[in-house]
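Scroll down for the structure; my scribbles are underneath it.
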Amino acid sequence: MANVEKDALTGTETTGHSWDGIQELNTPLPKWWLYTFYACIIWAVGYWVVYPAWPSLSDYTKGVIGYSSRAEHAKEMEAVKASRSEWLGKFEEANVSDIVKDSQLLNYAMAGGRALFNENCAPCHGAGGQGAPGFPVLADDDWLWGGTLESIEQSVRFGIRSGHEEERVNEMPKYGVDGLITKEEMAAVADYVIGGLQGDGAGKTVFAEQCAACHGEDGHGLPEMGGPNLSDGIWLFGAGKDAVLAQLNSPKHGVMPAWQGRLDDVSIKQVSIYVHSLGGGQ
Amino acid sequence: MKHEIFEKNVILLAIGILLTISIGGLVQIVPLYTMEQTIEKVDGIRPYSPLELAGRNIYIREGCYNCHSQMVRPFRDEAERYGHYSLAAESMYDHPFQWGSKRTGPDLARVGGKYSNDWHVAHLIDPRSVVPESIMPPYAFLAKRELSFDDAADHMKTLRIVGVPYSDEQIATAKEDLRIQGMGEAGGDVEAFLARYPKAKIGSFDGDAKKTTEMDALVAYLQMLGTLVDFTNVDPETLYR
């Protein structure tokens, strides 16, 4: 090129363009940059050959090593399972009450159970199972559906009003909305309940006729019916007469999802054992 | 100085640009024609019911995707936390898809069925009432805003233009389907609805059966996410890509 000029100051070639006396330098790309760029191009070509890369009209190029991220993932999950197989096998065969007798298995269960609980259960039951309004405390010995290892496992596996075929379910009648008892009877039985289930008034009669079937004759609860203990001052839906009247009028019912299908068998056993250990297991 | 030839010749420059753009274009367009091979063939995928679709629109409107992805990747940690990796088939009727790229909160691709409706409502009204350390913003107003029924069919027609196979029947019954899914028997023929949208969850999601709110719609959407494919019936090898 004939009109190549060199910049006097830097010695770099110019493009020959000049605006208002300002000249454009034609600084070459740094060599390290240029060669890295070429290397990347060569790398890309190699990548196309080795890995799945190009779509064709009916398929895609599979690459010479036949890599598939999903197959790789499946392989990894298999390997994890195999590395745990020694004690996973024991968990699969044993039932929960046998697992807790073996101190080593119990340790596994507690460690796994804690992680599972924090991810899956804590949003409802609170960290450490301390509960929230409408979501029962799991760290005390007040159980709605029973606090033995087996009952806890059943609650977790099939859920409560979860829609699963083997769900735990029981619904308290809508005494107020459906007009099953009078306003006076409602007030009397509510007083009786918040008064600690003592005395011989109208409230006691209504309780024996209407409520005992699910909450027990003494009001101490019937775990097989899911009827909570009404005498222990622990309330799922709030303390006080208004809360009891609201429950009588149009009862609330807690829903707990079924974990069968979402968690595997071993995980369900582990998390059940963890819950049992939180403080109130029977 | 070899590019000088392009700089000084308009025709050559135009040809050069055309060539470059068409390579870029082909790389993006050709895969669209081979998509059939990319999407796994699994049973159970159906278009969104009108209520779920309304919920999805609210999800997009409120920008939930800024903090939540909907894409479980085929990694061990994700499988152990969220469940089976997401399939292309599971977002084939999403326009636009909600894969997202930011996880301030957890992935939601498999959140359906993980919680109860009550929990979702309590959580959306005030996330810190159930998860004390949560930084998710509250969306209490959704429970007060009645859902607009009038544009349901229009949304479905629009999606049909871009390839979602809504039938004429589904579009005609859009309003009725909103009522049925939000209030059950009181809204109409539940069985016919379930034939149109298998596995759809029915009921008053926010606990107030009298009106269908934006909260109902959003919870209906969250409760169906990732629940359509029954993976116990899928041969994993058919999914390998």
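So the values come out like this:
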read-out	value
Whichever residue in the range B:115-130 is in contact with a Phe, Trp or Tyr (Cβ under 7 Å, 6 or more places away or on another chain) and facing another protein chain (nearest Cβ under 10 Å) and, among such residues, is most open to solvent (accessible area, probe 1.4 Å)	B:N117
Selection status of B:R56, within 14 Å of chain A (Cβ to nearest Cβ) and touching a helix residue (DSSP H, G or I) at 6+ places or on another chain (Cβ under 7 Å)	no
Tally of residues being acidic (D, E) and open to solvent by 100 Å² or more (accessible area, probe 1.4 Å) across the range A:2-42	1
The range A:247-269, subset assigned to a helix (DSSP H, G or I) and within 13 Å of another protein chain (Cβ to nearest Cβ), residue farthest from A:S162 (Cα to Cα)	A:V266
Failed condition for A:G199, given (1) open to solvent by less than 40 Å² (accessible area, probe 1.4 Å); (2) modelled with pLDDT under 90; (3) on the phi > 0 side of the Ramachandran plot	(1)
Counted residues, the range A:48-70 - those being in a loop (DSSP other than H, G, I, E, B) and at pLDDT 85 or above	11
Close pairs (8 angstrom Cβ cut-off, 6 or more residues apart or separate chains): closer than 14 Å to B:D77 by Cα in the range A:73-87, among the basic types (K, R) and open to solvent by less than 90 Å² (accessible area, probe 1.4 Å) anywhere	A:H73/B:R76; A:E76/B:R76; A:M77/B:R76; A:V80/B:R76
Filter result (out of contact with any strand residue (DSSP E or B) (no Cβ under 8 Å at 6 or more places or on another chain) and assigned to a strand (DSSP E or B)) within the range A:129-175	A:A132, A:F135
Members of the range A:1-24 found to be within 13 Å of chain B (Cβ to nearest Cβ) and either under 30 Å from A:A71 (Cβ atoms) or not in a loop (DSSP other than H, G, I, E, B) (or both), listed by number	A:E13, A:T14, A:T15, A:G16, A:H17, A:E24
Hey, A:G46 loosely packed, with under 12 Cβ neighbours inside 10 Å and out of contact with any strand residue (DSSP E or B) (no Cβ under 9 Å at 6 or more places or on another chain) or not	yes
Check on A:A115, over 13 Å from A:M256 (Cβ atoms) and touching a residue at least 40 places away in the same chain (Cβ under 8 Å)	no
Members of the range B:205-226 found to be crowded, with 17+ Cβ neighbours inside 10 Å and either under 30 Å from A:Y67 (Cα atoms) or without any contact (Cβ under 8 Å) to a residue 40 or more places away in the chain (or both), listed by number	B:L225, B:G226
Residue list for the range B:61-96, restricted to those being within 14 Å of chain A (Cβ to nearest Cβ) and open to solvent by 70 Å² or more (accessible area, probe 1.4 Å)	B:R73, B:F75, B:R76, B:D77, B:E80, B:R81
Flag if A:A139 is more than 17 Å from A:K252 (Cα to Cα), in contact with a helix residue (DSSP H, G or I) (Cβ under 9 Å, 6 or more places away or on another chain) and in the same structural domain as A:D242 (by TED's automatic domain parsing)	no
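Each row is one residue, and each column tells you yes or no for (1) open to solvent by less than 60 Å² (accessible area, probe 1.4 Å); (2) under 30 Å from B:L124 (Cα atoms); (3) away from every other protein chain (no Cβ under 14 Å).
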| residue | (1), (2), (3) |
| --- | --- |
| A:C121 | yes, yes, no |
| A:A127 | no, yes, no |
| A:D140 | yes, yes, yes |
| A:W145 | yes, yes, yes |
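The values are calculated or read from the model by the stated rules, or taken from the named source; none is laboratory data. Worth saying up front: this structure is predicted, and the values here are computed from it rather than measured. When we count neighbours, we look across all protein chains shown, and the Cβ atoms used for this are built from the backbone with ideal geometry, even at glycine. These area figures cover heavy atoms from the full protein model, side chains too; ligands, DNA and RNA do not enter into them. Shrake-Rupley method; radii C 1.70, N 1.55, O 1.52, S 1.80 Å.
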